[in-house]
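Every number in this text was worked out from the coordinates using simple rules, so none of it is lab data. Note that this is a predicted model, so its numbers are computed, not measured. Here the Cβ positions follow ideal geometry from the backbone for every residue, glycine too, while neighbour counts run over all protein chains shown.
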């Protein structure tokens, strides 16, 4: 099932970006999200397309590229990502198989008009977490191991997003207790 994801909308729902986020923090957040999606979807990552507004795109970035197997589009020729997402929904030859991820009501309505599945970001994040925890066929054949891989992955993502934790603009959006609960 193909996915169209409103990238900054999802990052905002995750609490990783807001309107005053610095460009370097945006880049790290984008790459972290794409790494997370690529890892969770594995061989199916090519069915995921993430659309970002071009206003925050790095200078010289191509309009389309693949990162960690995930297809990335910057809305370079549109006013905003919403315009590109709506165009992609309209152009899809089989919209009923398409899942559109966004909290933006305009995008949800465009998806509903074409009979796509409109999924809020929170619901997608819950699904993503279940997908990441779902054991693969190889894991099912092995004897149960301790939860060490989760600890290693947690450490990886804590390091990946470490700069964001210290970003004062992001810290004001997040409850410091939530950071401590997550870390320990």
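Within the range 25-74, count every residue that is loosely packed, with under 15 Cβ neighbours inside 10 Å and at positive phi.
So the answer is 2.
Considering each residue of the range 70-92, count those that are assigned to a loop (DSSP other than H, G, I, E, B) and in contact with a strand residue (DSSP E or B) (Cβ under 8 Å, 6 or more places away or on another chain), and give that number.
1
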